[in-house]
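The values are calculated or read from the model by the stated rules, or taken from the named source; none is laboratory data. It should be emphasised that the depicted structure is a prediction, and the values quoted were computed from it without experimental measurement. Every residue, glycine among them, receives a Cβ derived from its backbone with ideal geometry; neighbour counts consider all protein chains shown. Ligands, DNA and RNA are excluded from the accessible area calculation, which covers all protein heavy atoms including side chains. Shrake-Rupley method; radii C 1.70, N 1.55, O 1.52, S 1.80 Å.
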Amino acid sequence: RPHSMTKKAVVSTQSTGGNRLIRRFLGARKHTPACAVFEMIPADTIETIQKQWGEETPAKVGNAVREYLCLRAYLDTHQAYNDWCSHSANRPTTPTFEGGEGGTFSEQVAVEEKKKSHELAMQRWEQHLIVQTQLTRDKMLNVLLFIDGGWMIDEVDTGDVERREQLESLRRVCIPSTTFLLVNVLTESGQDAAVVELADYLASEQYQLYTLFTKEELRKFLVRVYESSIRCGCDPLGFNEPVAEEQPTEEN
């Protein structure tokens, strides 16, 4: 029994201590060291805690587990965004097609093969971009609309005021930054209607994400929504613009 309790304490401490350090790095917008610390936490930590504590999991340990899942979701989001940026920047370059019309038969065949090869490369690139865009969008929304109360919100209030303030401070850093990254992804992908829809999530009383933005951040976000609404044919409030009815002509 003492050995079991010691093992529980070690696993819980690994998770809690790792979470705290990652939290500090993310609060300082240092994602690389945050990822490094996260990778040091054993991958089976959550499973081990669940097996050892079962239904007797203390509130603090349960909160640490939830925090770990929140941090993992956020770090996954940044990895997905980096992958999206990398793929977007590596669009296949258009080759030169010399020796086409007016060239020899062999040169014309070579040019056609080159064109087909480029078209196939573009198709593969575009298909992968669509998949990566959707993956990135889903992961970001997973953070913004995190289940059971919201991202980095404890499942059980233990009365730890300092911890609550730290989590709230991190939410005020990460939620707006994730929102703007998502706006970039959606805008670059031509999904302006999704940007307008994102405004509904921010305004929702269920999630109350708007409370985490400064006035300046909200202003910038609304500007981006306005620009998207114009491009996708909506009014600034996000409603579809009515189609103008044709006025009947008077008959003489």
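Taking 7 Å steps out from each Cα toward its Cβ at D160 and E56 produces label points 2.1 nm apart. Once all protein chains are placed together, H128 keeps about 90 Å² accessible to a 1.4 angstrom probe.
In terms of packing, defined here as the mean over residues of other Cβ atoms within 10 angstrom, the peptides 27-35, 63-71 line up highest first as 63-71, 27-35. Exceedance of the 32 Å cut-off in Cα-Cα distance is limited, within the set K30/K60; K60/K220; K30/K215; K116/K220; K30/K220, to K60/K220; K116/K220.
Fully extending the segment from A110 to V223 would add 35.7 nm, taking 0.36 nm per residue of separation and subtracting the current Cα-Cα distance. When a/c is below 1.5 the answer is rounded, else prolate if a/b is larger than b/c, else oblate, so apply that to segment 169-218 with a ≥ b ≥ c taken from the square roots of the Cα gyration tensor eigenvalues. Verdict is oblate for segment 169-218.
Carbon-plus-sulfur accessible fraction, segment 84-175 (probe radius 1.4 Å, protein heavy atoms only): 51%. In segment 54-160, inverting the average of 1/r over every pair of distinct C-alpha atoms gives 17.9 Å as the Kirkwood radius. Stretching L69 away from Q127 to a fully extended chain increases their span by 17.9 nm, per 0.36 nm per residue minus the current alpha-carbon distance. For segment 163-232, the dipole from Cβ point charges (+1 on Lys and Arg, -1 on Asp and Glu) about the Cα centre works out to 260 debye, to the nearest 20.
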